[in-house]
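The numbers here are math on the coordinates, done by the rules we state, and not lab data. Owing to the predicted nature of the structure, the values given are computational and were not obtained by experimental measurement. A quick note on method: Cβ atoms are made from the backbone with ideal geometry, for glycine too, and the neighbour counts reach across all protein chains shown.
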Amino acid sequence: MSRSYIRHELSELEANLREELGQLLALHQLSIDSETLSLSALIDALTAARLCDEPLFIQLTQLDAAICQLDIGLYGLCADCEADIEAQRLTLNPLEQRCQQCAAEHAHEHRHELRLTH
């Protein structure tokens, strides 16, 4: 995938997430300008509004990370082992942060943590 194609895909995803965010903000009766604020400003505003547990918040933070990684030339590298993330994984989810092996290990560890805390 070319860098311009990835940027286009991330831009389309951002537009969709901003639309969903507008609906979420209306539901919570919040007046945050979801159309013109930068991603980092949106993330800060959602944090201040205590909406960090919303799946949309997580997607916005992942999108912000993916755009930053693209800007510095690290997009597509696993956050854990720094190997290339499989192309199929990135095609399915352009916000993917881990290769298949590290994702499986992370999921296993997270399930173990959940068992310990419940």
Rh_Kirkwood(the chain) over Cα pairs, Å, one decimal, evaluates to 15.6 Å
Under 5 Å between amide H atoms, partner at least 5 residues away or on a different chain: which partners does Leu77 have, H built in plane at 1.01 Å? Ile85
Loop-only check: which GluC sites (Glu not before Pro) in region 29-118 are DSSP coil with at most 12 other Cβ within 10 angstrom? Glu35, Glu82
Separation between the Glu35 and Cys68 pseudo-spin-labels, each 7 Å from Cα along Cα→Cβ, expressed in nm? 2.8 nm
If you average the C-alpha positions of region 79-101 and of region 1-53 separately, how far apart do those two centres end up, in angstrom? 22 Å
Just need the relative contact order of the chain here, percent rounded to a whole number, with Cα pairs under 8 Å and 6+ apart. 20 percent
Which of these, Leu24, Leu13, Leu60, has the largest mean-square fluctuation under a Gaussian network model of the chain (Cα springs below 10 Å)? Leu24
Calculated from backbone phi, Karplus (6.51, -1.76, 1.60) coupling profile of region 51-59 in Hz, x at Gly/Pro: 10, 5, 7, 6, x, 5, 4, 4, 5
Inter-label distance for Ala83 and Ile58, nm, one decimal - labels placed 7 Å from Cα along Cα-to-Cβ: 2.4 nm
Which whole-Hz couplings ³J(HN,Hα) result when phi for each residue of region 104-109 is put into the Karplus expression 6.51 cos²θ - 1.76 cosθ + 1.60, θ = phi - 60°, listed in order with x for Gly and Pro? 5, 5, 5, 4, 5, 5
Tell me which trypsin sites (Lys or Arg not before Pro) from region 26-118 have a DSSP coil assignment and no more than 10 other beta carbons within 10 Å of their own. Arg50
Per-residue ³J(HN,Hα) for region 75-92, Karplus 6.51 cos²θ - 1.76 cosθ + 1.60, θ = phi - 60°, Hz, x for Gly and Pro: 4, x, 9, 4, 5, 9, 9, 6, 7, 5, 6, 4, 4, 4, 5, 5, 5, 5
Fewest-first ranking of Ser11, Ser34, Ser4, using other Cβ atoms within 10 Å as the exposure measure: Ser4, Ser11, Ser34
